[in-house]
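Note sheet for the following structure.
The values are calculated or read from the model by the stated rules, or taken from the named source; none is laboratory data. Source: prediction; values computed, not measured. Cβ placement follows ideal geometry from the backbone for every residue including glycine, while neighbour counts extend to all protein chains displayed.
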Amino acid sequence: MDVEFLITGTGAEINEGIIAGNIDAGIVGMSIAVTGVTKGAPYKVFSGVSNIPSRMISNTESLKTLADVTTSDRIALVSLGSIGHILLSMAAKKQLGDAHALDNNIMGMSHPDGLQALISGSVQAHMTTFPYFMIEENTPGMHEVPNIVEDGIPGVSTTVNIINNKTQENNPQLAEAVIKAFAEAMSYINDEKNHDAIAESLYESEGVTKEEMLAYLKHPDVRFDTTVTGLMTLARFMDDEGFVEGDAPTDPAAYFLANVGYKD
């Protein structure tokens, strides 16, 4: 059996690939999974992947809370509808009374591009994740805007595994193999004796030192977990605040394969 691995720019591309029948399984941001299921994309979540925190870092001294964001300030994050955007919107709802208060401030760009934009000053804040906010926090003149994720869903799953319904129906052997392989991969990642080998294989492509990569893997806030956390809470918020077209399903069975561990 030949397996082809594809690296896409966004989770939305994976959604499109599964709808087109070109992708059997993938890893997407959890908000993308909610959007896909709501639109009728033919897949189910079969596992959590990562619970990696996001933080909002600013290069502007006066920007200490979301209330300090002005109409001319720009906030970089991956894309509208991404998990970072939804968590920021949750914080905006709690702190400003309007989930969409900052939508016009957002500039979509990749995490590395957002890092460079923050350092250059072309944006005033960056909603990002590991390792980027650690790099930014250690850059002179940068500071964290507090309580962003804390006012969203603390401990939320960042990414989840999804599998095409047609793959399950037409090739159950492949579906079973994929699910088993991801479970084995998660066990491998969570075994500390493998961290050195993982860091060795990743650090160059990530543009960091091996020591930095090891620090990221061992950071207490970085978790790789098969249990899906916060999806139903996220779906309710996205539905209530108009981040999805149509009505987001309220039954967990619409999102999860049977026997998937999840909690809110």
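Number of residues in region 127-174 that are aliphatic (A, V, I, L, M), closer than 24 Å to Thr227 by Cα and in contact with an Asp or Glu (Cβ under 8 Å, 6 or more places away or on another chain) equals 2. Would you be able to say whether some residue in region 148-155 is under 21 Å from Pro42 (Cα atoms), surrounded by fewer than 21 Cβ atoms within 10 Å (Cβ to Cβ) and either free of Cβ contacts under 8 Å to residues at least 24 places away in the same chain or of a type in the set (Lys, Arg) (or both)? No. Taking Leu63 and the conditions (1) crowded, with 21+ Cβ neighbours inside 10 Å; (2) touching a residue at least 40 places away in the same chain (Cβ under 8 Å); (3) over 20 Å from Thr233 (Cα atoms), which numbered condition does it fall short on, given that it satisfies the others? Exception for Leu63: condition (1).
For region 213-235, a tally of residues being surrounded by fewer than 16 Cβ atoms within 10 Å (Cβ to Cβ) and either assigned to a helix (DSSP H, G or I) or basic (Lys, Arg) (or both) returns 2.
Would you mind stating whether Tyr203 is outside any loop (DSSP other than H, G, I, E, B), in contact with a Lys or Arg (Cβ under 7 Å, 6 or more places away or on another chain), more than 21 Å from Ile32 (Cα to Cα) and among the hydroxyl-bearing types (Ser, Thr, Tyr)? Here the answer is yes, as Tyr203 does meet what is asked. Filtering region 51-85 to residues that are within 30 Å of Asn15 (Cα to Cα), of a type in the set (A, V, I, L, M) and modelled with pLDDT of 95 or more leaves Met56, Ile57, Ile75, Ala76, Leu77.
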